Amino acid sequence: MNKINIEEVAELYCNERFNLKGKIAMVTGSSRARGKVIAKTLQKEGCTIILNGRNLKNLEESLEDIPNAFVIAGDVSNFEESKNIIKKILEKT
């Protein structure tokens, strides 16, 4: 059985469907495997990346794989934190 390379699939999908150059993308859960892959793919497609998750240390470690991204820690399931995250995004971009 062949293994599916999720990075290749994500890149092909983005290339065929979207022009994302100059867009801003916040990727929640971006300190974990799937989130990192999504963030890397979107960055390759020209997006400015906002890494988001609840653990600041893990997000900062993700910068090694996703250079030039912005890190904003917070819980998007919490309404008040979400408002603060949006304010921070607007300040950074």
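In the range 71-83, is there at least one residue being assigned to a loop (DSSP other than H, G, I, E, B) and closer than 25 Å to Glu8 by Cβ? No, the range 71-83 contains no residue that is assigned to a loop (DSSP other than H, G, I, E, B) and closer than 25 Å to Glu8 by Cβ.
Checking the structure you have, find out if any residue of the range 41-53 is open to solvent by 70 Å² or more (accessible area, probe 1.4 Å), under 18 Å from Lys92 (Cβ atoms) and not small (Gly, Ala, Ser). Scanning the range 41-53 turns up no residue that is open to solvent by 70 Å² or more (accessible area, probe 1.4 Å), under 18 Å from Lys92 (Cβ atoms) and not small (Gly, Ala, Ser). Residue check: is Ile66 at pLDDT below 95, under 9 Å from the mean Cα position of the chain (by Cα) and within 19 Å of Glu11 (Cβ to Cβ)? The answer is yes for Ile66. Quick one: how many residues across the range 5-31 are polar (S, T, N, Q), open to solvent by less than 90 Å² (accessible area, probe 1.4 Å) and modelled with pLDDT of 75 or more? Number satisfying all stated conditions: 4. Scanning the range 54-81 for residues that are open to solvent by less than 70 Å² (accessible area, probe 1.4 Å) and more than 17 Å from Gly35 (Cβ to Cβ) yields a single hit, Asn78. Pro67 meets the conditions (1) in contact (Cβ under 8 Å) with a residue 24 or more places away in the chain; (2) out of contact with any Lys or Arg (no Cβ under 8 Å at 6 or more places or on another chain) in every case but one. The failed one is (1). Candidates are the residues of the range 69-87 that are within 15 Å of the chain's Cα centre (by Cα) and of a type outside the set (Val, Ile, Thr); the one that is nearest to Cys47 (Cα to Cα) is Ala69.
The values are calculated or read from the model by the stated rules, or taken from the named source; none is laboratory data. Bear in mind that the values here come from a model prediction, so they are computed numbers and not experimental data. All Cβ positions, even for glycine, are placed from backbone atoms using ideal geometry, and neighbour counts span all protein chains on display. In case anyone asks, the SASA skips ligands and DNA or RNA and just uses the protein heavy atoms, side chains included. Shrake-Rupley method; radii C 1.70, N 1.55, O 1.52, S 1.80 Å.
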